Structures are given as structure tokens and as C-alpha cells.
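Everything on this sheet refers to the single structure shown next.
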Amino acid sequence: MNKNTITTQVVVLGSGPSGYSAAFRCADLGIKTVLIEQFSTLGGVCLNVGCIPSKSLLHIAQILNDTKILKNAGISFNKPKLDLFQMKKWQSEIILKLTNGLKSMANARKVQIVHGYGNFINPNTLNIKNNETEITLNFDQAIIAVGSTPIKQNFIAESSEKIWDSTDALKIRFIPKRLLIVGGGIIGLEMATIYHALGSEIYISEISEQIISSADTDIIEYYYNNIKNKFNIMLNTKINNLKISGNNVYVELYDTKYNKIKNISCHAVLFSIGRNPNGKLINVQDIGVEINQSGYIKVDKQMRTNIPHIYAIGDVVGQPMLAHKGMYQGHIAAEVIYGEKHYFDPKIIPSIAYTYPEISWVGITEKEAIKNNLPYESSVFPWSALGRAVSSGQNGMTKLIFNKNTKRIIGGSIVGCNSSELLGEISLAIEMGCDVDDIALTIHAHPTLYESIGRASEIFSGTITDFINKKTKSKKLI
């Protein structure tokens with residue numbers, strides 16, 4: 001094995017959205033940067049086996065679902081034929097296009113890419129190994145962006161093509177006739193959306209009393225009413241036992257609310273029960289970097305660890321495990337290294353489930369407002385009164401949360417088609433400290449889906465005319 005030594009100002013471990021954002025920002029600031037990636041392509045979990053491949057399959061699912069809506073308009077299609085090989089080829093081409101784009105941007109910025117597995121030897125040195133070379137890398141500053149991995153099930157020790165995590169599910173090896181998904185969070189529901197559209201009968205077991213437990217109850221109830229005839233959802237339910245026999249997987253489930261046992265057989269089981277941070281896998285604890293009880297690396301608001309020249313960003317530092325959060329943290333870390341007095345102190349971090357319909361929320365939820373005893377009022381505009389939604393066969397609702405005293409918007413949730421794309425106005429309004437009139441008096445184009453944000457604001461201000469106004473005033477005209 002060849003041996004080599006590299007010296008750099010900054011090394012970034014991990015080339016996911018957090019890592020490449022940090023590396024590219026460092027380079028743009030004139031800092032000599034090396035980017036370490038253990039796999040052959042850049043982009044990390046998100047680009048290669050997470051966000052992007054799942055969204056490509058969710059795009060297919062949405063089109064398949066939309067064709068069913070057209071039946072009521074007098075347009076019918078034959079049952080679609082699935083070519084899994086071509087589907088995976090199409091998905092791979094999307095990933096390749098984006099990973100090649102990252103490689104080109106790294107080269108244009110003169111970021112040195114080193115492929116291999118990196119471990120800390122001491123606070124200023126990394127050992128990097130690949131199949132051909134062992135590299136000693138000396139650095140002045142380091143940014144840890146090594147991400148997370150799916151939590152593994154512990155019912156069957158040996159691997160099986162019938163027991164999946166989210167990475168396995170996105171490989172689309174086969175379409176199971178009956179699929180059990182353990183975990184009713186965002187990833188579990190997105191996988192349910194994909195496989196139901198492709199023909200699977202879906203069962204979901206969720207240990208808590210609500211799927212996507214962090215979202216507001218009325219939002220999830222609306223979503224549930226849209227999918228209750230598609231998915232078999234079992235709340236307050238955990239898995240007791242699992243065994244594989246022949247072509248079937250036999251699962252014993254336990255209903256914790258009613259103290260009942262339920263047995264089902266299926267053809268694959270997807271475990272979507274969360275993710276673990278990868279910090280311990282690169283020996284950070286051996287060089288003195290502090291890690292909390294959950295395995296997350298401790299950082300301050302400038303993304304510094306307890307060792308001042310070592311930073312950490314993204315999934316490895318804590319919830320929420322979202323690419324857009326990590327990308328922002330990557331910029332902060334790079335700018336702090338450059339000498340800027342910048343801090344990670346966001347007002348909001350948007351959350352989105354790319355389901356059918358989509359579920360999106362940002363800022364303070366009604367649950368949080370109640371828990372924190374905030375003076376709030378919620379304003380809900382149903383899409384049944386929204387011309388664009390009705391004309392395109394879509395259902396949904398837009399909900400805004402206002403501070404009663406200041407009239408400022410503090411949160412918002414939308415369930416419906418493309419709600420992820422509608423969230424931007426709400427996010428910006430919260431960041432800018434907008435009050436209800438700032439939104440309600442802004443002319444929203446008609447007919448559009450984002451118009452619902454303006455209408456929900458008008459409900460709160462008492463100026464709505466496209467819906468029943470419960471805040472009408474009585475005044476004699478002179």
C-alpha cells in the first residue's frame with residue numbers, strides 16, 4: 001500500500017450537503033481545503049441513497065396518483081407496467097448528474113478530494129485509508145460532517161432481502177405484495193407513498209399515538225383522512241417478534257393501548273425507526289471531542305467542539321437531521337474559521353414530508369404554543385374554498401399561527417399538493433417579523449395554491465370574503 005502525506009488549512013470529513021457546503025464556502029473564502037469522502041461519489045446519504053433518490057421515486061408515485069384523479073374527468077389509462085430495471089437506471093442517471101455537478105464545482109474551486117475512510121490520530125492529524133493508499137493528513141482546522149446511519153433492527157442477526165432499512169427500500173429490488181413499515185415518521189410515510197403507488201399493500205406500525213408526532217394534530221388528521229383507505233395504520237403498536245419462513249415474514253405486533261397481540265404476514269419489512277449519528281465511527285472521542293449520551297458531538301453556536309479548531313455540523317450534532325440545516329451550519333463553520341463573528345441561531349427550520357398529499361410546517365406549531373403557554377390564535381383556510389385546488393382535484397388546508405398580542409406570524413403548516421413549495425412565503429414572513437397585515441394586504445395571485453396563505457391571514461384579520469367571516473363588525477353608516 002502506498003503512503004502519502006498531505007498538509008492543509010481545513011479538512012472537511014464527509015461530502016454530504018453539510019460537508020460540501022462547508023468545503024465550498026471555505027474555498028470561496030480563499031482557504032486551502034481538503035474534502036474527505038469514503039465512497040466513490042460526492043453527496044453523502046442525501047444525494048446517493050436518501051433525499052434525491054427518494055424524491056425521484058416520489059415523483060413517479062405522484063404521477064401515478066394524479067392519473068387516478070383524471071378518471072373523474074373522463075380520462076382513463078391502462079394499468080401501468082413497471083420496469084424496475086429502467087426505473088433504477090433513470091434514478092441512477094439523476095444521481096450521476098448531480099454528483100458530477102458537485103465534482104465539477106469542487107474542481108472549479110480547487111477543493112482537493114480524497115476518497116477513503118478517515119480517522120483522527122490526534123487533534124491535528126487524520127489517517128485516511130482506501131484500497132490503494134494510506135494518507136497522513138495534517139490540518140490546522142477540521143470540520144466533521146460525517147452524518148448518520150439508519151438504526152438497525154435487532155430481531156434477525158443475518159441479513160435478508162426481506163428486511164429493509166430506508167437505503168434498502170430505495171434500491172427497488174422487488175415490489176412486495178404486502179409491506180410492513182415499522183415507524184410512522186416522515187421517512188416511513190414517504191416509503192409507504194412510493195410502494196403503495198407501485199402496487200404494495202401497506203401496513204404501518206407506529207409506537208406513539210400519532211404519525212409524525214411533532215406535527216399538529218389537525219394537520220395529521222387531515223392527512224390521515226386522505227390516506228386511511230390506502231394505508232393500514234396501527235398506532236400505539238410495537239413489534240414483539242419477527243421470523244422469516246419461505247416467502248413470508250411473520251410479525252407479532254403488540255397494541256400498547258388495548259393490550260392486544262396482532263399477527264400479520266408480509267413479504268418485506270421496512271424498519272424506519274430513526275438514525276444514529278456517526279461521530280463515534282471516526283474516533284473523535286479518542287482525541288477528546290465531547291459527545292453527549294445520545295452520541296451527538298457537542299458544539300456551541302459557532303459549531304465549535306470543545307477543541308477550538310475542530311468543528312462539527314449536520315446530523316452528527318443533533319436534531320433535526322435535515323440537509324438544509326446542515327448546509328446552513330456548514331456556511332457558519334467556514335465563516336467562523338475565516339474570522340467572521342457568525343452564529344447558528346435560526347428562528348426557524350422548515351420540516352417537510354414529501355407524501356401524497358405533502359405535509360409541511362415551519363416555526364411554532366399549535367402544540368408548542370400550548371405547551372409554552374403562548375398567546376396565540378390559529379387561522380385555517382380549507383382548500384375546498386380555493387379555486388386552483390378544486391379545479392385541479394386537490395385537497396388540502398393552510399394553517400397559520402399568529403401571536404394574539406403582536407399580530408405577528410409565528411408558525412404555519414400546510415397539507416396538500418406542493419405544500420413544500422408554498423412554505424417559503426411563511427418562512428420568510430416569520431424571519432422578517434411580519435404581522436398579519438403585511439401578509440393579508442399583499443396581493444396574492446388568483447387562482448393559485450399560495451393564495452391560501454393570504455386568505456388564512458384575512459381570516460385572522462377579519463377581512464376574509466372568500467370564506468365565512470367570523471369577525472364581522474357592525475357599524476352604522478353616516
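Straight Cα distances below 13 angstrom link Lys3 to the aspartates and glutamates Glu132, Glu134, with same-chain residues fewer than 8 positions distant left out.
Counting only other residues whose beta carbon sits under 12 Å from that of Phe77, what net charge do I get with K and R as +1, D and E as -1? Can you show the working numbers first?
Details: positive: Lys68, Lys71, Lys79, Lys81; negative: Asp66.
Value of the local net charge: +3.
Across the options Ile227, Ala456, Leu96, the greatest Cα extent toward the positive end of the charge dipole of the chain (unit charges at beta carbon of Lys, Arg, Asp, Glu) belongs to Ile227.
For the peptides 51-58, 218-225, 244-251, what is the packing order when you average, over each peptide's residues, the other Cβ atoms within 10 Å and list the highest mean first?
Packing proxy ranking, top to bottom: 51-58, 218-225, 244-251.
For every other residue with a beta carbon closer than 12 angstrom to the beta carbon of Thr136, add +1 if it is Lys or Arg and -1 if Asp or Glu, then tell me the sum. Net charge in that neighbourhood comes out at +1. Each Lys and Arg adds +1 at its Cβ and each Asp and Glu adds -1 at its Cβ; summed about the Cα centre, region 163-273 shows a dipole of about 500 debye.
Listed by chain and number, the aspartates and glutamates placed with their C-alpha closer than 18 angstrom to that of Lys301 are Glu290, Asp315, Glu335, Glu340, Asp345; residues fewer than eight positions away on the same chain are left out. Per the Debye formula on identical point scatterers at the alpha carbon atoms of region 350-461, with no solvent, log10 I(q)/I(0) at q = 0.14, 0.19, 0.20, 0.23 Å⁻¹ is -0.49, -0.91, -1.01, -1.30. Beta-bridge orientation, region 163-273: approximately 50 percent antiparallel, per DSSP, counting only bridges with both partners inside.
Here the chain exposes an accessible surface that is 51 percent carbon and sulfur, computed with a 1.4 Å probe and the other protein chains kept in place. When the C-alpha to C-alpha distance is required to be over 26 Å, the pairs from Lys371/Lys407; Lys71/Lys262; Lys177/Lys238 that qualify are Lys71/Lys262. Here the chain is assigned +1 on the Cβ of each Lys and Arg and -1 on the Cβ of each Asp and Glu. Its dipole about the Cα centre then comes out at about 780 debye.
Positive end of the dipole of the chain (Cβ unit charges, origin at the Cα centre): among Cys51, Met105, Gly330, the Cα lying farthest that way belongs to Cys51. Of all lysines in the structure, the ones whose alpha carbon falls short of 19 Å from that of Lys55, not counting any fewer than 8 places away in one chain, are Lys88, Lys89, Lys97, Lys171, Lys325. Judged by the mean number of other Cβ atoms found within 10 Å, the most tightly packed of the peptides 268-274, 304-310 leads the ranking 268-274, 304-310. Kindly express, to the nearest 10 degrees and within the range 0 to 90, the angle between helix 186-197's C-alpha long axis and the longest C-alpha principal axis of the chain. Approximately 70 degrees, to the nearest 10.
Most simply put, the chain has about 60% antiparallel DSSP beta bridges, counting only bridges with both residues inside it. Computed with a 1.4 Å probe over protein heavy atoms only, the accessible surface of region 354-437 comes to 42 Å² per residue. Per residue, region 129-169 exposes 50 Å² of accessible surface when a 1.4 Å probe is rolled over the protein heavy atoms with every protein chain present. When peptides 394-401, 186-193 are ranked by their average number of other Cβ atoms within 10 Å per residue, the highest-first order is 186-193, 394-401.
Angle of helix 419-431 to the longest C-alpha principal axis of the chain, folded into 0 to 90 degrees and rounded to 10: 80°.
Computed over region 163-273, the Cα gyration tensor eigenvalues convert (square root of 5λ each) into semi-axes of 21, 18, 12 Å, ordered from largest to smallest.
What do you get for the angle between helix 451-461 and the principal long axis of the chain? Use alpha-carbon atoms, 0 to 90 degrees, nearest ten. In the chain, helix 451-461 runs at an angle near 60 degrees to the longest axis. Rounded, prolate or oblate: which one fits the chain, using the alpha carbon gyration tensor with axes a ≥ b ≥ c (rounded when a/c is under 1.5, else prolate when a/b beats b/c, else oblate)? Oblate.
The values are calculated or read from the model by the stated rules, or taken from the named source; none is laboratory data. Since the structure is predicted, the reported quantities are computational estimates derived from the model, not experimental observations. Heads up, the Cβs are rebuilt from the backbone with ideal geometry, glycines too, and the neighbour counts pull from every protein chain shown. For the accessible areas, the whole protein counts, side chains as well, though only heavy atoms, and no ligand, DNA or RNA atoms are used. Shrake-Rupley method; radii C 1.70, N 1.55, O 1.52, S 1.80 Å.
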